[in-house]
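Heads up, the thing below is written out as structure tokens.
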Amino acid sequence: MIAKIADRYAMTKQGARDFVKSIFLTVLVNISKMLPVFVLSYALTGIIDALGNGGDVKARLIPSVTGSVIALVVLYVTFLVQYRSLYVTTYAESGKRRIALAELLRHLPLSFFGKRDLSDLTSTMMSDCELLEKAFSHFYPQMIGTYVSTILIAIAMLVYEWRMAVALLWVVPVSVVLVYASRYFQKSHMVKNVEARRTATDALQELLEKVPDIRACNRNEAYLAELDGKLDAAEAVNRRSELVTGSIVTAAQTFLKVGIATTVLAGITLLSGGVISLTVFLMFLIAATRFYDPLGGLFANMAAVFATQVRIERMRVIQNEKQMTGTTAFSPANYDIRFDHVTFSYQDSEDGSETVLKDVSFTARQGEVTALVGPSGGGKSTATKLAARFWDPQEGSVLIGGIDVKTVDPEVLLTDVAIVFQDVVLFADTVMENIRIGKKDATDEEVTEAARLAQCDEFVRKLPEGYNTMIGENGAKLSGGERQRISIARAMLKGAKVILLDEATASLDVENESAVQTALTGLIKDKTVLIIAHRMRTVMNADQIVYLSEGKVQETGTPKELMSRGGLFARMVRLQA
């Protein structure tokens, strides 16, 4: 049962056990709330009997006062235990959920991130987790506990006096059916509400990211008008959702109050007929004022419970994604990279995806530079990402030192891989820390030496605080060439056995490119290097050229061999010349 609860509500097993415990304690709290009713009933019975039979009223009051004190103590203890069990454990579980989700994202293939929107993932990490935290601390235990305690109290009432119990209880199933009958209707509105909010958030994020382009194209008013429309649409959907939910909940809560009227009418009728005593009538009348309160609170939170189901489903979609796993032991005999009949496609589109690599085979040997060249869209960048196991091929294998990378944990594999992509990613931190990402335990001297080799030192020392200068989000305060050189310094610092360079010098001027090429010569000694470049002079000193076009290997050989053949590579060199 614990495993099923954990799966259904996206919890850990310990969280599921704490959840069950919280439900049990909520039942005790709800039952203990009825203790004052029984104490008051006992007191009234004693007083009425004493007045009618001339007994001692004070003698009857002493047990009543004692019972009241005991009831208050029981209430205090049950509330205290429930609070500690419910809130403390729920917040601890929420922390575990966030960490588990972050750990899960680490092991998902990049294809997952290609299908999911950044703002949507951020919403799941922040908003969805926050809503689940609130739901399991305020709504779910109370909901299930209220159902259980209501049934138990109802059974006790039916056994005690079934006619009065029916008059008090008949409104409960009708109200519950009313709320649950509208469940799917409410859920539909909530799904639309989430989608509308996400659309508005996406539009706002896009506007902020594309401000320079929007201004350059003089599209300010058009984009702002479009954003206003999406915000208005999200607000309209939210209003409709709130209206529908509020109307249903209010109707159910109002209908519950009808039970008080029927309890009074039934009690007066049965009392006048001598069927029940005044004490029984008063007890049920008092019970009616307390019995409906947990249910009324439950109905008020049902909309949140239904909304939680939507968020749980969104989280379970992520949890059910296939993870990239593998062995944590990776000790290849060498670091040759071999593509063995590799076929790969980005399977994201509904109408089928185009195959990017088709039966690709080649070997990049350790101690050599293998250059991937060819027209854009030929599959060069995809090949380097397969070597780093950002994706797994549908057919064939990518092997490093004879070991299929699909069998190795991606994080373990990447300890031996340094990557410089064409699209540089930097963090809103100092220059020093951005380079140190390549080797977290590197000393300041090691960082500055890597920066010097990557031709960063000169421009970094001109910054206001040198290596301790904050460079802004994604290096916004630096030029494209400066950002590229920091990325190269990061790779140099890592000192990995496999180097993947995707247009690593594309953003550099001729002078800096020559200097960095000299630095790269020292970096790649005794290492396996895959380099992608469109500038032919960048790859003319490579040990091997692999010409990729339309996802296939068209030519392989040394630059001299391919030039002598006069094929596709030679034609590309002539076009650039």
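Just so it is clear, none of the values below were taken in a lab; they were calculated from the coordinates. Note that the structure is predicted; figures quoted are calculated from it, not measured. All Cβ positions, even for glycine, are placed from backbone atoms using ideal geometry, and neighbour counts span all protein chains on display.
Structure data summary
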| read-out | value |
| --- | --- |
| Sites Met1 and Tyr160, calculated FRET efficiency, Cβ-Cβ separation with R0 35 Å, nearest 0.05 | 0.60 |
| Given Lys33/Lys257; Lys4/Lys96; Lys21/Lys96, the pairs whose alpha carbons are separated by over 24 Å | none |
| Sites Asp543 and Phe427 - FRET efficiency at Förster radius 30 Å, r taken between beta-carbons, to 0.05 | 0.30 |
| Highest-first arrangement of 237-249, 29-41, where packing means the average Cβ count within 10 Å | 29-41, 237-249 |
| The range 2-319, Cα convex hull volume normalised per residue, Å³ | 156 |
| Relative packing of 469-478, 487-496, which averages over residues the other C-beta atoms within 10 Å, highest first | 487-496, 469-478 |
| Highest-first arrangement of 87-97, 558-568, where packing means the average Cβ count within 10 Å | 87-97, 558-568 |
| Partner aspartates and glutamates for Lys358 [C-alpha distance under 18 Å; skip if fewer than 8 residues away on the same chain] | Asp340, Asp348, Asp392, Glu395, Glu550, Glu555 |
| Whole-number D in µm² s⁻¹ for the chain, Kirkwood Cα-pair radius fed into Stokes-Einstein, 10 °C, 1.306 mPa s | 53 |
| Ala261-Thr363 FRET efficiency (beta carbon distance; Förster radius 60 Å; 0.05 resolution) | 0.10 |
| Between helix 57-83 and the chain: long-axis angle, C-alpha atoms, 0 to 90°, nearest 10 | 10 |
| Label-point separation, Val88 to Arg574 (7 Å along Cα→Cβ), nm | 8.1 |
| Label-point gap, in nm, between Asp202 and Glu242 - each point 7 angstrom along Cα→Cβ | 2.5 |
| Cross-link partners of Lys497 among aspartates and glutamates (Cα-Cα below 12 Å; sequence separation of 8 or more within a chain) | Asp336, Glu368, Asp416, Asp526 |
| Set of lysines with alpha-carbon distance to Lys477 below 27 Å, sequence-local pairs under 8 removed | Lys210, Lys439, Lys440, Lys462, Lys494 |
| Full-extension gain in nm, Arg290 to Val74, via 0.36 nm per residue minus C-alpha separation | 76.1 nm |
| 0 to 90° range, to nearest 10: angle between helix 444-453 axis and the chain longest Cα axis | 40 |
| Within the chain, helix-based [θ] at 222 nm, where runs of 4 or more DSSP H residues each add -39,500 (n - 2.57), nearest 500 | -20000 deg cm²/dmol |
| Relative contact order of the range 2-319, pairs being alpha-carbon contacts under 8 Å that are 6 or more residues apart, as % | 27 |
| Cα Rg, Dmax, the range 269-330, angstrom units | 26.7, 88 |
| Mean separation of Cα contacts under 8 Å, 6 or more apart, over the residue count of the chain: relative contact order % | 14 |
| Rough spin-label spacing in nm, given labels placed 7 Å along Cα→Cβ, for Asp117 and Ile151 | 4.1 |
| Residue list for the range 408-444, given a label point 7 angstrom along the Cα-to-Cβ vector of Asn474 and an amide N cut-off under 17 Å | 421-429 |
| Folded to 0 to 90 degrees: helix 171-181 orientation relative to the chain principal axis, Cα | 20 |
| Among Ile471, Leu178, Thr384 - extreme Cα towards positive end, dipole of the chain, charges at beta-carbon | Leu178 |
